[in-house]
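Enquirer: The structure that follows is given in the form of structure tokens.
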Amino acid sequence: MERAHNDLGGGIAIDDLSDGTMVTGRVDGEDAILTRCGMEYFAVGAACTHYHGPLANGLIVGETIRCPMHHACFSLRTGEALYAPALDPISTWRVEVSLGKVYVREKLNPSRRPTKSLGIPSTNQPSSVLIVGGGAAGLAAADMLRREGYSGPVTMVSADDAPPYDRPNVSKDYLAGTAPEAWMPLRGAKYYSGQRIELMLKQHVNLIDPARRTVSLADGRQLEYGALLLATGADPVHLPIPATGGARIFYLRTLSEARAIIAAAEGAKSAVVVGASFIGLEVAASLRARGIDVHLVGLERVPLERVLGPEVGTFVRELHESHGVTFHLGNSVTRIEGKRVTLNDQRILEGDLVVLGVGVRPAVALAEQAGLAMDRGVAVNEFLETSAPGVFAAGDIARWPDVHSGNRIRVEHWVVAERQGQVAARNILGLREPFVVVPFFWSQHYDVAINYVGHAESFDAAVIDGSLAPHDCEVSYLRGGQVLAAATISRDLRSLQVERSLESTR
Ligand SMILES: Cc1cc2nc3c(=O)[nH]c(=O)nc-3n(C[C@H](O)[C@H](O)[C@H](O)COP(=O)(O)OP(=O)(O)OC[C@H]3O[C@@H](n4cnc5c(N)ncnc54)[C@H](O)[C@@H]3O)c2cc1C
Ligand code: FES
């Protein structure tokens with residue numbers, strides 16, 4: 001990134017724009033980026049439409065730009081958000097070349113682009129699309145169906161009581177009290193009617209009949225479908241801990257569960273969080289932000305060790321300790337009586353509330369009942385099709401053939417779920433696009449964001465470049481000398497570069 005306050009309308013010398021470089025500046029009162037791809041020039045908005053990530057610190061790949069924060073990908077030519085987590089386009093401007101200078105002229109697309117017209121015969125399209133699940137994958141799929149020009153009925157059935165929302169924030173700023181309610185919905189109420197997406201909330205699908213192409217709701221109603229997307233996500237694992245005396249025990253998956261924790265946190269002095277993985281740790285950080293004493297109990301000796309290795313795990317523990325979290329590692333909870341939480345070594349902790357974050361299980365009951373092929377999740381092919389014709393699966397439930405590792409994998413990442421929803425939507429419309437995305441997730445601990453790209457089910461070496469203490473490093477996870485994944489702290493561009501290089505390993 002160079003030259004922060006250029007007047008892009010006033011022209012930039014062509015010599016200052018080599019292939020693939022970016023010049024930032026202002027146009028129409030907006031921050032914008034001017035870039036060159038081969039012999040073409042593009043001007044686009046500088047802020048990502050997900051969480052305003054600075055695109056100028058991102059990566060240009062062909063005619064696209066990728067956001068450094070959570071890897072959204074936009075077309076430089078049209079501004080379209082090609083890949084989640086951003087769903088809305090960035091601005092684009094017309095560019096003119098004259099007398100050795102590039103000028104950014106008028107804005108091309110101030111509002112959402114019209115939908116594309118599908119290049120496949122409408123007879124090949126399903127008569128209707130039913131999506132079971134109103135989470136990451138479900139919404140991204142509905143959105144993509146309309147973006148691709150599908151005009152048939154789209155229905156999204158969700159057991160949740162809230163329209164699709166920003167689930168990762170449920171354990172982060174929202175729980176900490178630093179993100180307002182307004183940030184949580186992924187789409188405003190008018191979006192659904194405007195896009196003709198029927199959103200059925202608080203409705204549980206009980207049964208699928210793939211032969212008759214119907215689903216049954218808990219209230220007895222039956223819905224027909226032309227194509228079905230299963231995106232039922234995951235459910236928190238519930239521990240059978242004996243609890244008496246009005247113990248206040250919470251799990252965290254939904255917005256209403258977050259609201260319940262927030263209500264319990266009002267006036268609370270202490271909390272016990274059970275589970276030292278991502279959600280438990282994020283909950284601990286959010287409760288600390290509310291000034292609550294936090295005791296964190298976990299079976300593992302080092303938090304996150306299995307995924308991130310011992311060095312990063314120790315760093316994360318020390319980071320939380322420096323913010324006042326007290327760890328009880330190598331421990332489990334045996335009993336909760338009122339505010340008294342008893343550990344396996346008989347120690348007693350005091351908690352006005354107890355939050356259990358001990359992992360999730362993919363919500364596969366429906367798929368099992370429907371007789372779909374299972375593989376520690378719902379088995380899908382590279383097009384995210386299940387074993388039943390016209391039935392697709394995406395998100396936390398789907399195990400797919402990963403072209404990069406050569407293994408069938410299932411992950412629980414927000415961006416992967418959304419991107420699978422998008423690809424499944426295109427395949428529902430007959431576009432036959434294989435899912436080849438390199439997995440990505442992020443986790444936030446106070447002011448430290450950890451970005452993880454790739455997938456290492458296991459690794460035999462974790463090589464650190466840089467240093468964890470000043471929050472500036474890249475940790476590569478290798479097996480047999482091959483890099484499978486990398487975690488970065490404050491090295492967002494590197495994370496994008498690693499993603500790019502992993503994309504080429506097939
Ligand atoms: C607190 C929290 C924080 C997270 N933070 C991060 C993060 O920082 N980074 C990251 O990469 N990932 C994060 N994740 C994981 C991420 O949110 C999930 O991977 C993602 O939401 C999965 O999307 P999905 O569409 O598969 O399922 P979900 O988003 O869980 O949606 C599932 C939907 O299906 C509905 N449903 C289920 N069964 C039925 C049924 N029978 N009938 C009708 N509806 C049904 C549910 O009500 C829900 O609407 C976090 C998860 C949680 C819980
Ligand atoms: S801010 Fe750009 S992807 Fe999140």
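The values are calculated or read from the model by the stated rules, or taken from the named source; none is laboratory data. Computed from a predicted model, the values in this text were never measured in an experiment. So basically every Cβ, Gly included, is an ideal-geometry build from the backbone, and we count neighbours across all protein chains shown. Side chains are part of the model used for accessible areas, which takes the heavy atoms of the whole protein and leaves out ligands, DNA and RNA. Shrake-Rupley method; radii C 1.70, N 1.55, O 1.52, S 1.80 Å.
Enquirer: Tell me yes or no: at least one residue of region 64-71 is in contact with a helix residue (DSSP H, G or I) (Cβ under 9 Å, 6 or more places away or on another chain) and not in a loop (DSSP other than H, G, I, E, B). Before you say what the answer is, go through the steps one by one.
Expert: To start, the set of residues in region 64-71 that are in contact with a helix residue (DSSP H, G or I) (Cβ under 9 Å, 6 or more places away or on another chain) comprises 65-71.
If we keep only those that are not in a loop (DSSP other than H, G, I, E, B) too, we end up with 65-66.
Yes - at least one qualifying residue is present in region 64-71.
Enquirer: If you go through region 473-506, how many residues are in a strand (DSSP E or B), open to solvent by 50 Å² or more (accessible area, probe 1.4 Å) and either small (Gly, Ala, Ser) or in contact with a Gly (Cβ under 9 Å, 6 or more places away or on another chain) (or both)?
Expert: 1
Enquirer: Of all residues in region 143-161, which are within 15 Å of ligand 1 (Cβ to nearest atom) and open to solvent by 10 Å² or more (accessible area, probe 1.4 Å)?
Expert: Result: THR155, ALA159, ASP160, ASP161.
Enquirer: What do you reckon, is ALA13 of a type in the set (A, V, I, L, M, F, W, C) and either buried (at least 21 other Cβ atoms within 10 Å of the Cβ) or under 30 Å from GLU418 (Cα atoms) (or both)? It would help to see each step written out before you state the result.
Expert: Details: of a type in the set (A, V, I, L, M, F, W, C): yes; either buried (at least 21 other Cβ atoms within 10 Å of the Cβ) or under 30 Å from GLU418 (Cα atoms) (or both): no.
No; evaluated as a whole, the condition is false for this residue.
Results for (1) among the small types (Gly, Ala, Ser); (2) at pLDDT below 95; (3) within 16 Å of ligand 2 (Cβ to nearest atom), shown as yes or no for each residue.
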| site | (1), (2), (3) |
| --- | --- |
| VAL391 | no, no, no |
| ALA394 | yes, no, no |
| TRP400 | no, no, no |
| SER405 | yes, yes, no |
| HIS413 | no, no, yes |
| ALA424 | yes, no, no |
| VAL437 | no, no, yes |
| PHE440 | no, no, yes |
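Enquirer: Could you list, in sequence order, the residues of region 389-406 that are closer than 18 Å to LEU431 by Cα, open to solvent by less than 30 Å² (accessible area, probe 1.4 Å) and in a loop (DSSP other than H, G, I, E, B)?
Expert: Within region 389-406, GLY390, ALA394 meet the criteria.
Residues checked against (1) open to solvent by less than 30 Å² (accessible area, probe 1.4 Å); (2) assigned to a loop (DSSP other than H, G, I, E, B); (3) modelled with pLDDT of 95 or more:
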residue	(1), (2), (3)
GLY20	no, yes, no
TYR41	no, no, yes
THR49	no, yes, yes
ALA56	yes, no, yes
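Enquirer: Return the residues of region 86-111 that are within 16 Å of ligand 1 (Cβ to nearest atom) and touching an Asp or Glu at 6+ places or on another chain (Cβ under 9 Å); say none if nothing qualifies. If you could, list the steps in order and put the result at the bottom.
Expert: At the first step, the residues of region 86-111 found to be within 16 Å of ligand 1 (Cβ to nearest atom) are 86-87.
LEU87 - this is the single residue of region 86-111 that is within 16 Å of ligand 1 (Cβ to nearest atom) and touching an Asp or Glu at 6+ places or on another chain (Cβ under 9 Å).
Enquirer: Moving on. Could you tell me whether PHE327 is over 23 Å from ARG213 (Cβ atoms), out of contact with any helix residue (DSSP H, G or I) (no Cβ under 7 Å at 6 or more places or on another chain) and hydrophobic (A, V, I, L, M, F, W, C)? So that I can check it myself, show each step before the final result.
Expert: Working: over 23 Å from ARG213 (Cβ atoms): yes; out of contact with any helix residue (DSSP H, G or I) (no Cβ under 7 Å at 6 or more places or on another chain): no; hydrophobic (A, V, I, L, M, F, W, C): yes.
It is false that PHE327 is over 23 Å from ARG213 (Cβ atoms), out of contact with any helix residue (DSSP H, G or I) (no Cβ under 7 Å at 6 or more places or on another chain) and hydrophobic (A, V, I, L, M, F, W, C).
Enquirer: Taking strands (runs of 3 or more DSSP E) that fall entirely within region 122-240, which contain at least 2 residues that are over 29 Å from PHE278 (Cβ atoms)?
Expert: Working: elements: 129-132, 154-157, 197-200, 205-209, 214-217, 222-224, 227-230, 234-236.
Answer list for region 122-240: 129-132, 154-157, 197-200, 205-209, 214-217, 222-224, 227-230.
Enquirer: Just to check your reading of the model, which residue among ILE428, ILE409 is away from ligand 2 (no atom under 16 Å from the Cβ), open to solvent by less than 20 Å² (accessible area, probe 1.4 Å) and in contact (Cβ under 8 Å) with a residue 60 or more places away in the chain?
Expert: Values: ILE409 fails: in contact (Cβ under 8 Å) with a residue 60 or more places away in the chain.
Exactly one of ILE428, ILE409 is away from ligand 2 (no atom under 16 Å from the Cβ), open to solvent by less than 20 Å² (accessible area, probe 1.4 Å) and in contact (Cβ under 8 Å) with a residue 60 or more places away in the chain, namely ILE428.
Enquirer: Is it the case that VAL437 is open to solvent by less than 30 Å² (accessible area, probe 1.4 Å), β-branched (Val, Ile, Thr), within 16 Å of ligand 1 (Cβ to nearest atom) and closer than 19 Å to TYR83 by Cα?
Expert: Values: open to solvent by less than 30 Å² (accessible area, probe 1.4 Å): yes; β-branched (Val, Ile, Thr): yes; within 16 Å of ligand 1 (Cβ to nearest atom): yes; closer than 19 Å to TYR83 by Cα: yes.
Yes: the conditions hold for VAL437.
Enquirer: If you go through region 22-37 one residue at a time, how many are out of contact with any Gly (no Cβ under 9 Å at 6 or more places or on another chain) and surrounded by fewer than 20 Cβ atoms within 10 Å (Cβ to Cβ)?
Expert: 1
Enquirer: How many residues does region 440-455 contain that are open to solvent by less than 30 Å² (accessible area, probe 1.4 Å) and either part of a helix (DSSP H, G or I) or in contact with a strand residue (DSSP E or B) (Cβ under 8 Å, 6 or more places away or on another chain) (or both)?
Expert: Restricting attention to region 440-455, the residues satisfying the condition of being open to solvent by less than 30 Å² (accessible area, probe 1.4 Å) are 440-441, 443, 445, 448, 450-454.
Still in the running and either part of a helix (DSSP H, G or I) or in contact with a strand residue (DSSP E or B) (Cβ under 8 Å, 6 or more places away or on another chain) (or both): 440-441, 443, 448, 450-454.
Here the count works out to 9.
Enquirer: (1) without any contact (Cβ under 8 Å) to a residue 60 or more places away in the chain; (2) open to solvent by 50 Å² or more (accessible area, probe 1.4 Å); (3) of a type outside the set (Val, Ile, Thr); (4) within 16 Å of ligand 1 (Cβ to nearest atom): which one isn't true of TYR83, the others all being true?
Expert: Going through the list (1) without any contact (Cβ under 8 Å) to a residue 60 or more places away in the chain; (2) open to solvent by 50 Å² or more (accessible area, probe 1.4 Å); (3) of a type outside the set (Val, Ile, Thr); (4) within 16 Å of ligand 1 (Cβ to nearest atom), TYR83 breaks only (1).
Enquirer: Could you pull out the residue among ARG494, ARG506 that is out of contact with any helix residue (DSSP H, G or I) (no Cβ under 8 Å at 6 or more places or on another chain), over 26 Å from TYR165 (Cα atoms), modelled with pLDDT under 95 and among the basic types (Lys, Arg)? Break it down stepwise before answering.
Expert: Details: ARG494 fails: modelled with pLDDT under 95.
Checking each option against the conditions leaves just ARG506.
Enquirer: Go through region 352-384 residue by residue and tally those that are surrounded by fewer than 20 Cβ atoms within 10 Å (Cβ to Cβ) and farther than 30 Å from VAL294 by Cα.
Expert: Number satisfying all stated conditions: 11.
Enquirer: In region 72-105, which residues are among the aliphatic types (A, V, I, L, M), part of a loop (DSSP other than H, G, I, E, B) and modelled with pLDDT of 95 or more? Explain how you work it out, then say what you get.
Expert: Of all residues in region 72-105, those among the aliphatic types (A, V, I, L, M) come to 72, 76, 81-82, 84, 86-87, 90, 95, 97, 99, 102, 104.
Add one more test, that the residue is part of a loop (DSSP other than H, G, I, E, B), and what stays is 72, 76, 84, 86-87, 90, 99.
ALA72, LEU76, ALA84, ALA86, LEU87, ILE90, listed by residue number.
Enquirer: State all residues of region 406-421 that are away from ligand 1 (no atom under 11 Å from the Cβ) and in contact with a strand residue (DSSP E or B) (Cβ under 7 Å, 6 or more places away or on another chain); if no residue qualifies, say none.
Expert: First, pick out the residues of region 406-421 that are away from ligand 1 (no atom under 11 Å from the Cβ): 406-409.
Listed by number, the residues that qualify are ARG408, ILE409.
Enquirer: For region 456-472, how many residues meet the condition of being open to solvent by less than 40 Å² (accessible area, probe 1.4 Å), in a loop (DSSP other than H, G, I, E, B) and within 28 Å of ARG399 (Cα to Cα)?
Expert: Just the residues of region 456-472 that are open to solvent by less than 40 Å² (accessible area, probe 1.4 Å), to begin with: 456, 461-462, 468.
Okay, now just the ones that are also in a loop (DSSP other than H, G, I, E, B), so 456, 468.
Within this subset, residues satisfying the condition of being within 28 Å of ARG399 (Cα to Cα) are 456.
Number of matching residues: 1.
Enquirer: With closer than 18 Å to HIS70 by Cβ, buried (at least 20 other Cβ atoms within 10 Å of the Cβ) and within 16 Å of ligand 2 (Cβ to nearest atom) as the only criterion, which of ALA140, ALA179 stands out?
Expert: Details: ALA179 fails: buried (at least 20 other Cβ atoms within 10 Å of the Cβ).
Result of the check over ALA140, ALA179: ALA140.
Enquirer: Taking only pairs six or more apart or across chains, which ones have beta-carbon atoms under 9 Å, a first residue in region 204-230 that is without any contact (Cβ under 8 Å) to a residue 12 or more places away in the chain, and a second residue that is among the hydroxyl-bearing types (Ser, Thr, Tyr)?
Expert: Partner pairs satisfying both residue conditions: THR214/TYR225; GLN222/THR214; GLN222/SER216.
Enquirer: Looking only at region 182-232, count how many residues are β-branched (Val, Ile, Thr) and open to solvent by 20 Å² or more (accessible area, probe 1.4 Å). First the steps, then the outcome.
Expert: Step one: list which residues in region 182-232 are β-branched (Val, Ile, Thr), which gives 197, 205, 208, 214-215, 232.
So of that shortlist, the ones also open to solvent by 20 Å² or more (accessible area, probe 1.4 Å) come out as 232.
Summing the residues that are β-branched (Val, Ile, Thr) and open to solvent by 20 Å² or more (accessible area, probe 1.4 Å) in region 182-232 gives 1.
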